[in-house]
Structures are given as C-alpha cells and as structure tokens.
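Trainee: Here it is, the structure in full.
The values are calculated or read from the model by the stated rules, or taken from the named source; none is laboratory data. Since this is a predicted model, take the numbers as computed values, not measurements. Virtual Cβ from ideal backbone geometry, glycine too; neighbours counted across all protein chains shown.
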Amino acid sequence: MSELIPTHEQALDLLKKYNKSESLLRHAFAVEAVMRYMAGKSGEDEEKWGIIGLVHDLDYELYPEQHCKMTEKILRESNWPEEYIRAVLSHGWGLASDVEPVSKLERTIYAVDELTGLVATSALVRPSKSILDMEARSVRKKWNDKRFAAGVDRTVIEKGAAMLGVSLDELITDCIMGMRVVADKIGLGG
C-alpha cells in the first residue's frame, strides 16, 4: 500500500479520534499554529509542518506510558509518509523517543512543543489573560521560576533554540506570533 499524504481534515479526524481532552486539543492547535508560522517564515510547506504539529501528541491521552510509540504505530497503520512519522517522533527525542531531530522541520517541532506550554501559561497569568498583547520578556520573567509551569522542560527549549541557531528570545517571539493566529481557539484571546 502506498503512503498517504494526509490532509488537514484527515489529521484533525485522527487527532479527535484519540483525544477528547480540551487542554490536549488546545495544545495540538497551538503547536500546529506555531509550526505553520515557522514554516512560512522559513519558506517551507506550511500544510505539512502544521499537520505534523497537529498530531505530534496523538497518543498522549490514551497511551501516556507509550508516548510516541503508539503514535508511530497509528501513523504507520494509516500509511502516513515516513518523513511525517519521523518528524512526529523527533519531538520526543531524549524523553519518549530516540529519534534525534535532524531536519529543520524536526528541530522546529522539538523546539516549540514544550515552549507552547510555557507561553500559554505565561499568557494566562497576565491581567489580560491574552497572548495578543504579550511579548517574549513576559515569558522570560518566568523562565527561572521552576515552580512556574513546572512540567515544562526548559532544557529541551534551550537545546531546540540552539539546534535552530536562534536566540531564546527569537524562538519565544516566533512562538507567540504563531499562537496569536489561533488565540481564541486556544483560549488565549483575553
């Protein structure tokens, strides 16, 4: 059977088949938006990058102990292209996967996955509860407070920025800009 180049609708259907949690869906939409933004900025395929961002945590709600492994199985059974599968697996490098991010696409999903959570949490503690008026310095103010968004692994974000050859502030700004596009959809419109 040949590989399927998935459409956005097919990816969304697959995501919703395995995920019902509002917080996981919002995270998927945030990562999708940031990936689309980063692809556009780099002259890459926005649809492909967005779809990979959308399904990156496909298995997390039902199979948290088998994170990445079940996603690989599901995507293979659905005949997804190897490039998409590898990119999805690379986001969990060193945590739930041994697939090292090599391509720009893989390095980007690795860098922005954790960061979207920190950006979202930073927006929610602002008086406006919005990402629309937030800048990188708001996230940086919370960076060293390990109790703030304690589940976010900042070393992964730092490694990702280094892999992409950008400063932390630039990566945070890009993440904010991508998430602004879907602010209302992810509950950060204020």
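Trainee: Working carefully through the options LEU24, LEU62, LEU14, LEU58, find the one that is buried (at least 24 other Cβ atoms within 10 Å of the Cβ), out of contact with any Lys or Arg (no Cβ under 8 Å at 6 or more places or on another chain), hydrophobic (A, V, I, L, M, F, W, C) and modelled with pLDDT of 95 or more.
Mentor: Exactly one residue qualifies, and that residue is LEU58.
Trainee: Here's a follow-up. Select from the stretch 40-77 the residues that are of a type outside the set (Lys, Arg), touching a residue at least 40 places away in the same chain (Cβ under 8 Å) and not in a loop (DSSP other than H, G, I, E, B) and list them in ascending order.
Mentor: Across the stretch 40-77, the qualifying residues are SER42, TRP49, GLY50, ILE51, ILE52, GLY53, LEU54, VAL55, ILE74.
Trainee: Among residues belonging to the stretch 115-130 that are in a helix (DSSP H, G or I) and among the aliphatic types (A, V, I, L, M), point out the one that is surrounded by the most Cβ atoms within 10 Å (Cβ to Cβ). First the steps, then the outcome.
Mentor: Quick first cut of the stretch 115-130, residues in a helix (DSSP H, G or I) only: 115-124.
Then drop every residue that is not among the aliphatic types (A, V, I, L, M), which leaves 115, 118-120, 123-124.
On the way: LEU115: 26, LEU118: 21, VAL119: 28, ALA120: 21, ALA123: 26, LEU124: 13.
The qualifying residue surrounded by the most Cβ atoms within 10 Å (Cβ to Cβ) is VAL119.
Trainee: If I ask for residues that are over 19 Å from CYS68 (Cβ atoms) and not in a helix (DSSP H, G or I), which ones from the stretch 6-28 would you list?
Mentor: Selection gives THR7, LYS20.
Trainee: Also: Test GLY190 against the stated conditions and say whether it is at pLDDT below 95 and under 14 Å from HIS27 (Cβ atoms).
Mentor: No; evaluated as a whole, the condition is false for this residue.
Trainee: Okay, moving on. If you take the residues in the stretch 78-97 that are assigned to a loop (DSSP other than H, G, I, E, B), without any contact (Cβ under 8 Å) to a residue 40 or more places away in the chain and not hydrophobic (A, V, I, L, M, F, W, C), which one is surrounded by the fewest Cβ atoms within 10 Å (Cβ to Cβ)?
Mentor: GLY92
Trainee: Yes or no: GLU100 free of Cβ contacts under 8 Å to residues at least 12 places away in the same chain and either under 17 Å from ILE186 (Cβ atoms) or assigned to a helix (DSSP H, G or I) (or both)? Lay out the reasoning, then the answer.
Mentor: On the way: free of Cβ contacts under 8 Å to residues at least 12 places away in the same chain: yes; either under 17 Å from ILE186 (Cβ atoms) or assigned to a helix (DSSP H, G or I) (or both): no.
Considered against the rule, which asks whether it is free of Cβ contacts under 8 Å to residues at least 12 places away in the same chain and either under 17 Å from ILE186 (Cβ atoms) or assigned to a helix (DSSP H, G or I) (or both), GLU100 comes out as no.
Trainee: For the stretch 148-167, name all the residues that are β-branched (Val, Ile, Thr), surrounded by 17 or more Cβ atoms within 10 Å (Cβ to Cβ) and either touching a residue at least 60 places away in the same chain (Cβ under 8 Å) or not in a helix (DSSP H, G or I) (or both).
Mentor: Passing the criteria: VAL152, VAL156.
Trainee: Something else now. Pick from the stretch 133-147 the residues that are loosely packed, with under 15 Cβ neighbours inside 10 Å and either acidic (Asp, Glu) or not in a helix (DSSP H, G or I) (or both): which of them is nearest to the chain's Cα centre (by Cα)? It would help to see each step written out before you state the result.
Mentor: Residues of the stretch 133-147 loosely packed, with under 15 Cβ neighbours inside 10 Å: 133, 135, 137, 140-141, 144-147.
Restricting the remaining residues to those that are either acidic (Asp, Glu) or not in a helix (DSSP H, G or I) (or both) gives 133, 135, 144-147.
Working: ASP133: 21, GLU135: 19, ASN144: 22, ASP145: 22, LYS146: 21, ARG147: 22 Å.
Among those that are loosely packed, with under 15 Cβ neighbours inside 10 Å and either acidic (Asp, Glu) or not in a helix (DSSP H, G or I) (or both), it is GLU135.
Trainee: Among the listed residues VAL112, VAL31, identify the single one that is over 21 Å from LYS17 (Cα atoms), in a helix (DSSP H, G or I) and aliphatic (A, V, I, L, M).
Mentor: VAL112
Trainee: Return the only residue of GLU106, GLU170 being within 17 Å of the chain's Cα centre (by Cα) and surrounded by fewer than 17 Cβ atoms within 10 Å (Cβ to Cβ).
Mentor: GLU170
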